[in-house]
Amino acid sequence: MLAFKGVTKRFGGKTAVDDISLEIPKGQMVGVIGRSGAGKSTLLRMINRLAETTDGSIVVEGVDVTQLKGAALRSWQADCAMIFQQFNLVPRLDVLTNVMLGRLNRRSTAASLFKIFSDEERALAIAALERLGLAETALQRAGTLSGGQQQRVAIARALMQQPRVILADEPIASLDPRNAQIVMESLRDINRREGITVITNLHTLDTARAYCTRIVGMAAGRVVFDGPAHALTEAAAREIYGANGMEEAFSEAITSTSLRFPTPAAHAAPALATA
Amino acid sequence: MALALSPAEFAGIRSRHPLVFQRSWKKRSVPFLVVGGTILYVLYAWWFFAIGAVLSEGRWDRAGAYLADWVSYDVRPTLRFKGEGIEVTYPRFNVLGDNPDPDWVRQVDGRTVEVDVGGARIAATPDLVTITHAGETLEVDLSTGTPTAAEPVPGWAVQKEDEVDADFGFTGSVEIKANRVAIEHRFLGWANFIFDPNSPFFGRSTGEVISLILWGDRLDPDVSNAALAFDNFWNNGEWQHGDVYAKLLQTIIMAFVGTVFAGLVAFPFAFLAARNITPSRLVNHAAKRFFDFQRTIDGLIWALFFIRAFGPGPIPGIAAIFFTDIGSLGKLYAEALENIDEKQREGIRSVGAPPSAVQRFGVLPQVLPVFLSQALYYLESNTRSATIIGAVGAGGIGLKLLEAMRTNQDWENVFYMVILILVVVYAIDGISGALRSRLAGNDHH
Amino acid sequence: MPQTVSRPQLSDAGRQVERHWKELAAKRRLYTLIGVGGLVFALSASLWYANEANAGKFFDRLPHLLDFVSWLVPSDWNDVWRAFLDLPTPNADGTEAMSFEGGRVYLTESLYVPEYVHKMLETINIAILATLIGFVFGFVLCFLAAQNTAPSLVLRAVVRRIMEIFRAFPEIVIAGFFAAVLSLGPIPAIIAVAIHTIGALGKMFFEVAENADMKAEEGLRAVGAPWILRMRYGLVPHVLPNFLSYALLRLEINVRASTIIGAVGGGGIGEILRLSIGRGWGAQTIAIISILFVTVIVVDQVSASLRRRLVGAEAFSPVA
């Protein structure tokens, strides 16, 4: 159980997240939707403390994670894996090592410093990669993979963390439709098979409706809709996206092309090949 | 969670991906080779330079004393026992001048002298020396002819064969022998920074000096007091302000003239070296090799040669910087020229301008800021290297530093010059940085 | 073909623009003139002062420049390679100038390293060791000094000040101080060059780190990795090639720096070069300059090719 209690985030005078209270039971797959700038990303980043809260608390199993410090904080961060829009892998390291980096919090720092990993960990990493269909790329540099492949590597790394929660911040915004589908299916699969809570920010309504059991709609830092996917009516969508944002909400194109988030050419080419 | 693997799964993964588990020997050994090679090299260097021996033979105790000298000075009165009397003497050249009478040394009566060294008080008579320090008292009996400390001896004092030593830390120390008590009292700061003991202004308070300069009677009938004061300051025997500033100026001039001339000479040669400006491969190549040659000959060689030819002074320093930087700047300038935007040149050419005008309007505006900014970079770094080239014998502050260090006595003068050098280096860095950012265009600042 | 451009008739607004343009141009010309005039003045004053301060005056000594070069020409060119290899010369006349064998460094009974080779090796080793020390410390310190990686603001300010002072502090003072403590020789030189290198490389390193892409670091922060591992995996793989390339560039500079500091008493090839030129030993001087020249070329070439492999063919920082 993950509970937001009056969570607020202000940047200077601007309120990005405004007094949000939510309860997310274990094992849910939650889609957070809204226009860009609605505060979705900040909300997610506050959960694993890449952003600090200004006010309120986020309570997980009775612990207020906004107050954690030092090792306890890092241990919580290891418990809630994060998937980024830009994958945030180490491009110069091979895929296998990138996946094993998911365990950095759970192993000796000295051994990690010298890149010493056990065969067991290698096998675990391969298992995670096999599950995402990427085992063959294990020894390639992460930077040479396509965007969709890199995002799957990031998911494999998240799996290596053995997390309680997976947070995905616009995981498919930089991907083409085919890869976006694979990534979302992987997340749903993890949610269903392991029972890990997945909270994912999504730009578009369709994706959220297709993959998430519960949808939280945000506008201007506030929750304006919270309910099962099928309860999301057009009126509710209009409130989330505003009158002139409806096109944005339904357009798959905006989320999946490189119009808004230009990806390097090196990534784009292989992505097309897989599509 | 599927991450806990059964042995069967583990074996399966192993067989499916053998490469992951049997990484090539070559790949695995790279880090070890790098680390091992580095360690081996350090061991070799350790042996080559006999680092261990040199470090262990170093006189580390002196290091502290030398460092203290940077920011402090000491006064060393000696109390000599003459029969039943006692006499206070000072070394000949001491910071208090010829007739020192500090208030921390008091002749109580014919056979008693009291000295305050920081918090410690020394009371000396010909047969008994009493030291009070840090709440403890040390009594040293001199009546037997051998100084003998009364038990218990405090931790800050030591009984030696024929003397008793007391150490008060930074503020000073005392050495008691049968016929004398040698005292060292250390003060924070630089002694006689304005006037040396030979100056008539020596020992006067600031107010006194100012009133003397403004309306006092002439101390020297030939010159005004202000001129005298300035002359005394400028030619201060211990600090040699005038000479220090003259030498500093020489160092700055070495860097400045060397860099400017190098830039001026490199400028035309760079046009010859740039492939897109001068169409002859032969000329390009010759100019570039000329730059390489200039860069490769160490500045030191030029400095030494010109010291032989012109004697020590700024000329060899200028020459050293000039000759090496022709090469460095020339190479950079040529590269800048080769990277210019051709469109601007074509634009000028298209209006039918003569070749010289094409260069003037199509090339120069593009490269001039780059040229100047690189010259400024070199000016910065040359200010630092001019110091060391000077020390080789090319004059300037470097040589003066070297002379000051040679005696191991004048570390405070060394520190003074270091501060001046740092100020100059920072100032030139600042000015050049500001100029460079202006050259880079207003979009940056 | 003479041409005349007829003056076009301008509107009021056009005339105003033209007047402004002329004013601006005049102003700019004035500034340029002041700038160039100031430079010329500063330059001539500097030259005059430099000449005054020099022991020998430029124009008095200039005609004798050729006499000065003449000592350099050895009476017997074969002496150059004899001097280089420490072999006895048939031209020996009993003076120190003509006895080359003295400087041999014996490895075994009969096998020796010629003096100049040994001294050159000493200088190179000073440079390598100093670069190595500078690299290690600069590497560690730069993560404390870079804006985007510093774990504490206070620490960052302190480390940056230390780097600045290390960079600007005159090397001869460091060398001189340690020479007073440790006696003259190469070790004070190593310390002096190393300290300067820590400052210089540290600054370049933290600038590289500040320009690094922080996405990977953020990813590892989200994994819960401690600071040191975030640096190890989030930044180091990204910046290491640049770091190594800068360190190699520094090595090239340090070979020159340790030659010079050698001449001030740090040992190595610089010291014997100074002695040799000072005493007017032609053959030896040519031998020393040759070995120095070749060494610098080799070091520069090797370093340049390694750097090209590390960071590609793009140009390197122009700053020494």
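Side notes on the structure shown:
- Annotation: amide H-H contacts under 5 Å for C:Tyr112 (H modelled 1.01 Å from N, sequence separation of 5 or more, or interchain): C:Leu107.
- Radius of gyration and maximum dimension Dmax of chain B, Cα, Å: 34.6, 108
- C-alpha long axis of helix B:241-273 to longest principal axis of chain B, angle in °: 10
- Taking 1.002 mPa s as the viscosity and 20 °C as the temperature, the Stokes-Einstein diffusion coefficient of the range B:73-188 based on its alpha-carbon Kirkwood radius rounds to 151 µm²/s.
- Taking each of B:Lys331/C:Lys203; B:Lys331/C:Lys215; B:Lys288/B:Lys343; B:Lys400/C:Lys57; A:Lys69/C:Lys215; A:Lys5/A:Lys69 in turn, the alpha-carbon distance tops 28 angstrom for B:Lys331/C:Lys215.
- Selection of GluC sites (Glu not before Pro), the range B:315-348, meeting DSSP coil and at most 15 other Cβ within 10 Å: none
- Hz values of 3J(HN,Hα) by residue in the range C:121-138 - Karplus curve (6.51, -1.76, 1.60), Gly and Pro given as x: 4, 4, 4, 5, 5, 4, 5, 5, 4, 5, 5, 4, 4, x, 5, 4, 5, x
- Alpha-carbon centroids, the range B:200-218 and the range A:1-73: separation in whole Å: 73
- Distances between placed amide hydrogens fall under 5 Å for A:Met82 paired with A:Leu167, all partners being 5 or more residues away or on another chain.
- Shape of the range A:69-187, Cα gyration tensor, a/c cut at 1.5: oblate
- In this structure the amide hydrogen of A:Ala219, modeled in the peptide plane, comes within under 5 Å of the amide hydrogens of A:Val224, none closer than 5 places in sequence on its chain.
- Sites B:Asp243 and C:Val69 - FRET efficiency at Förster radius 30 Å, r taken between beta-carbons, to 0.05: 0.35
- With a simple spin-label model that places each label point 7 Å from the Cα along the Cα-to-Cβ direction, the separation between A:Leu113 and C:Val105 comes to 3.5 nm.
- Once the GluC sites (Glu not before Pro) in DSSP loops with at most 11 neighbouring Cβ atoms within 10 Å are cut out of chain A, the longest remaining piece is A:62-275.
- Rounded to two decimals, the Cα radius of gyration of the range B:354-413 over 2.2 N^0.38 Å is 1.97.
- Burial ranking of peptide ranges B:222-235, B:314-327 (average Cβ count within 10 Å, highest at the top): B:314-327, B:222-235
- Note on C:Leu85/B:Ala50: beta-carbon distance plugged into 1/(1 + (r/R0)^6) with R0 of 41 Å gives a FRET efficiency of 0.95.
- Calculated SAXS-style log₁₀ I(q)/I(0) at q = 0.19, 0.25, 0.29 Å⁻¹ - the range B:250-307, Debye, Cα scatterers: -0.78, -1.02, -1.14
- Compared with the dominant Cα axis of chain B, that is its longest principal axis, helix B:206-215 is turned about 80°.
- Three-way shape label, the protein assembly as shown, alpha-carbon gyration tensor, a/c 1.5: prolate
- Between C:Ala157 and B:Ala68, the FRET efficiency estimated from the beta carbon spacing at R0 = 25 angstrom works out to 0.40.
- For the range C:13-61, the Kirkwood estimate of hydrodynamic radius, built from reciprocal distances between every pair of different alpha carbons, is 13.7 Å.
- Per-residue extension of 0.36 nm, minus the Cα-Cα distance of B:Leu282 and B:Leu420, leaves a gain of 44.9 nm for this segment.
- Radius of gyration and maximum dimension Dmax of the range B:241-439, Cα, Å: 19.8, 72
- For the range B:304-310, Karplus couplings with θ = phi - 60° (6.51, -1.76, 1.60), whole Hz, Gly/Pro x: 5, 4, 6, 5, 5, 7, 10
- B:Arg16 paired with B:Glu57, simple spin-label distance in nm, labels 7 Å along Cα-to-beta-carbon: 6.7
- Length added when fully stretched, B:Gln344-B:Lys27, from 0.36 nm per residue minus Cα-Cα: 109.1 nm
- Accessible area per residue, Å², the protein assembly as shown with all protein chains present, probe 1.4 Å: 47
- Degrees, to the nearest 10: B:396-406 long Cα axis against longest axis of chain B: 40
- Estimated distance in nm for a label pair at C:Phe293 and B:Arg275, the labels positioned 7 Å out from Cα along Cα-to-Cβ: 2.7
- Calculated from backbone phi, Karplus (6.51, -1.76, 1.60) coupling profile of the range C:228-235 in Hz, x at Gly/Pro: 5, 6, 5, 5, 4, 9, x, 10
- Global geometry of the range C:113-311, whether rounded, prolate or oblate, following the gyration tensor of its Cα atoms and the 1.5 cut on a/c: prolate
- Proximal lysines relative to B:Lys26, as straight alpha-carbon distance under 26 Å, when same-chain residues fewer than 8 apart are discounted: A:Lys115
- Cα-based Rg of the range B:38-131 normalised by 2.2 N^0.38 Å, two decimals: 1.81
- Whole-number percent relative contact order across the range B:73-188, with pairs defined as alpha carbons under 8 Å at least 6 apart: 23
- Whole-Å distance, taken between Cα centres, linking the range A:155-185 and the range C:72-117: 73
The values are calculated or read from the model by the stated rules, or taken from the named source; none is laboratory data. Everything numeric here is computed off the predicted structure, so don't read it as measured data. In this analysis, Cβ positions are derived from the backbone assuming ideal geometry, glycine residues included, and neighbour counts consider all displayed protein chains. All accessible areas refer to the heavy atoms of the entire protein, side chains included, with ligands and DNA or RNA removed. Shrake-Rupley method; radii C 1.70, N 1.55, O 1.52, S 1.80 Å.
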